[in-house]
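Here the structure comes first, spelled out in structure tokens, and everything after it is commentary.
Read the figures in this text as sums done on the coordinates, not as results from a lab. Because the structure is predicted, anything quoted here is derived from the model rather than measured. Here the Cβ positions follow ideal geometry from the backbone for every residue, glycine too, while neighbour counts run over all protein chains shown.
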Amino acid sequence: MALDKTKTNKSLGRQIHEHLLDLGIETPMCSPIYKTDDSKIELISSDMQLEKIRHSFENIMTVLGMDLTDDSLQETPMRMAKMFMHETMWGLDPENFPKCTIVKNKMKCDEMVLEKNVTISSICEHHLKDFHGFATIAYIPSEKILGLSKFSRIADYFSRRPQIQERLTAQIFHTLSYLLETENVAVAIHATHGCVHSRGVQDPASSTFTNKLGGSFKNEPMTRAEFMALLPKSV
């Protein structure tokens, strides 16, 4: 889904960012910087970031021997810059973390809440090739209930950055555990990877399954089995 700035929570995003840093599972990042003419180091503006990415793609395409004066190619570097910043990598900015509707568990729900077929669309951080699939996310409520659409928004937020599937799974898990204040969370992702299908080993039939289980999902065989039984059988 596209980034909607009206549905973000900057302060919560910074909290989640710090929490994942403490756990050692935040995506490796540094603040974009820019050295000015008087040698001062300043945070780079979004406009400057866009221009630097555009210029970098222009250099790459020129080195590859592509004619950027051609009317089909001349706008490609800026298209790539806009795609990276506004579509595929907006999840790198903690201030884009989604608003999360959390309510008290007044209904005393104590059974599994499960959302399946949550769309995953990301890019591999090793070759910047796309990977796609679905997540199944579940939790057993304690004191809090999370709005159902927030599962998809949280998964999409962490997908909108260069990723490996293992870290993506852990980030979604620990974020939900933090927000819901319970370890009774389970996340499973089944995805196909372009870096495996179209380069290297070139195995188009393969897919990858990862999961992260906590609390009852990890320690109680019946709860674990119930969750696993509800997983989709394939991508």
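A few notes on this one:
- Debye log10 I(q)/I(0) for the chain, one point scatterer per Cα, at q = 0.11, 0.15, 0.18 Å⁻¹: -0.65, -1.08, -1.40
- For region 100-229, lysine pairs with C-alpha atoms less than 30 angstrom apart, excluding pairs fewer than eight positions apart on the same chain, total 26.
- Estimated dipole of region 1-97 in Debye, rounded to 20 [Cβ of Lys and Arg +1, of Asp and Glu -1, Cα centre]: 300 debye
- Volume per residue of the C-alpha convex hull in region 72-158, rounded to whole Å³: 122 Å³
- The length gained on full extension between THR62 and GLN74, counted as 0.36 nm times the residue separation minus their Cα-Cα distance, comes to 3.2 nm.
- Each pair of Cα atoms in region 100-229 enters the Kirkwood radius, and Stokes-Einstein at 25 °C and 0.890 mPa s then converts it into a translational diffusion coefficient of 161 µm²/s.
- The Cβ shell under 9 Å around THR27 holds other residues with a net charge of 0, Lys and Arg each +1, Asp and Glu each -1.
- Straightening the chain between CYS109 and GLU143 buys 11.3 nm, computed as 0.36 nm per residue apart minus the Cα-Cα spacing.
- Least to most buried among LEU176, LEU43, LEU50, LEU20 (fewest other Cβ within 10 Å first): LEU43, LEU50, LEU20, LEU176
- Gain in span if fully extended, GLU220 to ALA2, counting 0.36 nm per residue against the direct Cα distance: 74.7 nm
- Positive-pole candidate from PHE173, GLY91, ASN105, dipole of the chain, charges at beta carbon: ASN105
- Rounded to the nearest 20, the size of the Cβ-charge dipole of region 100-229 about its Cα centre is 300 debye, with Lys and Arg at +1 and Asp and Glu at -1.
- Computed from phi, the 3J(HN,Hα) profile of region 188-193 under the Karplus parametrisation 6.51, -1.76, 1.60 (θ = phi - 60°) reads 10, 10, 10, 9, 10, 10 Hz, with x in place of Gly and Pro.
- When region 1-97 is described by a simple charge dipole with +1 on each Lys and Arg Cβ and -1 on each Asp and Glu Cβ, the residue from GLN74, LEU43, LEU23 located farthest towards its positive end is LEU23.
- About its Cα centre, the dipole of the chain is roughly 740 debye, where the only charges are +1 on Lys and Arg Cβ and -1 on Asp and Glu Cβ.
- Equivalent-ellipsoid semi-axes of region 1-97, from the Cα gyration tensor, Å, largest first: 30, 18, 13
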